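A.B. asks: A single structure is presented below for examination.
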Amino acid sequence: MTRKLLSHRLRGFAELDQSAKSFKAISDYPLPYYEIDTRVTRDGEIFVYHDPWIRTPNGNRIKISDNTGSSIRAFSKENDCDLIDLDAALKLYSENSVEGSKLCVDIKDFGFEQEHLELVAKHGLINKVVFVSWVPQTIIKMSQISQDIPIILSCMLNQRTPRVAAILSRVISKQTFKLSDYLILGKDAHEPLP
């Protein structure tokens, strides 16, 4: 078995995960893989953040998908969250990453796959990014956009995992399907799909 080291959410590079400071520090600690998560605002801006809610140590919180990009930026500034958008994150990654490293972009919100890909292309990172998602529809959409995009289905291992993976492999390889036949969501899904 080949083992590869991945920095989950850029943890350990700065005080806050997935922050501008953590992107600036990756050149000091080169790894083969880095992983970030993305969330999308009501007006379609893509931010680097794992959870649907931004929570601060003092108890404030705001739901990313219910707010505009400008309100998320204002909240982040007021609460010292150091939250950055995907465009800024990709710029920092292109400036600070080491040769041969890959950035795994975990897309948490369905429906913005093309926008993710356009930002990656804007920064010349097509060959340095792997797209990841726990949402089967996102993986399917990415495979429809291009067969050359590296994609990974992120899922919890349980008894259904091999069946889900087999179904998705068939769907992606055929490129024709009825989405309703393949709607597979776990009971713990916390974001509704459109």
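A.B. asks: Any chance you could count how many residues in segment 60-99 are open to solvent by 60 Å² or more (accessible area, probe 1.4 Å) and out of contact with any Lys or Arg (no Cβ under 8 Å at 6 or more places or on another chain)? Quick ask: steps written out before the conclusion?
C.D. replies: Residues of segment 60-99 that are open to solvent by 60 Å² or more (accessible area, probe 1.4 Å), as a first pass: 60-61, 66, 70, 73, 77-78, 80, 91, 95, 99.
When the remaining residues are screened for being out of contact with any Lys or Arg (no Cβ under 8 Å at 6 or more places or on another chain), the result is 60, 70, 73, 77-78, 80, 91, 95, 99.
The total comes to 9.
A.B. asks: Moving to a separate point now. Looking at (1) modelled with pLDDT of 90 or more; (2) on the phi < 0 side of the Ramachandran plot, can you tell me which one Ser27 breaks?
C.D. replies: Looking at each condition in turn, Ser27 falls short on (1).
A.B. asks: Condition first: within 20 Å of Lys128 (Cβ to Cβ), within 15 Å of the chain's Cα centre (by Cα) and in a strand (DSSP E or B). Can you find one or more residues in segment 6-13 that meet it?
C.D. replies: yes
A.B. asks: Determine whether Ile46 is β-branched (Val, Ile, Thr), out of contact with any Leu (no Cβ under 6 Å at 6 or more places or on another chain) and open to solvent by less than 40 Å² (accessible area, probe 1.4 Å).
C.D. replies: no
A.B. asks: Can you find even one residue in segment 147-160 that is open to solvent by less than 40 Å² (accessible area, probe 1.4 Å), part of a helix (DSSP H, G or I) and either at pLDDT below 90 or in contact with a Ser or Thr (Cβ under 9 Å, 6 or more places away or on another chain) (or both)?
C.D. replies: Checking segment 147-160: not a single residue is open to solvent by less than 40 Å² (accessible area, probe 1.4 Å), part of a helix (DSSP H, G or I) and either at pLDDT below 90 or in contact with a Ser or Thr (Cβ under 9 Å, 6 or more places away or on another chain) (or both).
A.B. asks: Can you name the condition, by its number, that Asn60 falls short on among (1) without any contact (Cβ under 8 Å) to a residue 24 or more places away in the chain; (2) touching a Phe, Trp or Tyr at 6+ places or on another chain (Cβ under 8 Å); (3) over 19 Å from Glu15 (Cα atoms); (4) polar (S, T, N, Q)?
C.D. replies: All conditions pass for Asn60, except number (3).
A.B. asks: Here is a follow-up. Considering every residue within segment 41-61, establish whether at least one is more than 21 Å from Lys122 (Cβ to Cβ), part of a helix (DSSP H, G or I), at pLDDT below 90 and not hydrophobic (A, V, I, L, M, F, W, C).
C.D. replies: No, every residue in segment 41-61 fails to be more than 21 Å from Lys122 (Cβ to Cβ), part of a helix (DSSP H, G or I), at pLDDT below 90 and not hydrophobic (A, V, I, L, M, F, W, C).
A.B. asks: Inside segment 104-124, can you point out the residues that are crowded, with 18+ Cβ neighbours inside 10 Å, free of Cβ contacts under 8 Å to residues at least 60 places away in the same chain and farther than 19 Å from Leu10 by Cα?
C.D. replies: Within segment 104-124, Glu113, Leu117, His123 qualify.
A.B. asks: Looking at (1) outside any helix (DSSP H, G or I); (2) in contact (Cβ under 8 Å) with a residue 12 or more places away in the chain, which is the only condition Lys91 fails?
C.D. replies: The failed condition is (1).
A.B. asks: Go through (1) outside any strand (DSSP E or B); (2) open to solvent by 10 Å² or more (accessible area, probe 1.4 Å) and name the single condition Val130 misses.
C.D. replies: (1)
The values are calculated or read from the model by the stated rules, or taken from the named source; none is laboratory data. In this text the structure is predicted, and so the values were computed from the model without any measurement. Every residue, glycine as well, gets a Cβ built from its backbone with ideal geometry; the counts of neighbours run over all protein chains shown. Quick note on the areas: whole protein, heavy atoms, side chains included, nothing else; ligands and nucleic acids left out. Shrake-Rupley method; radii C 1.70, N 1.55, O 1.52, S 1.80 Å.
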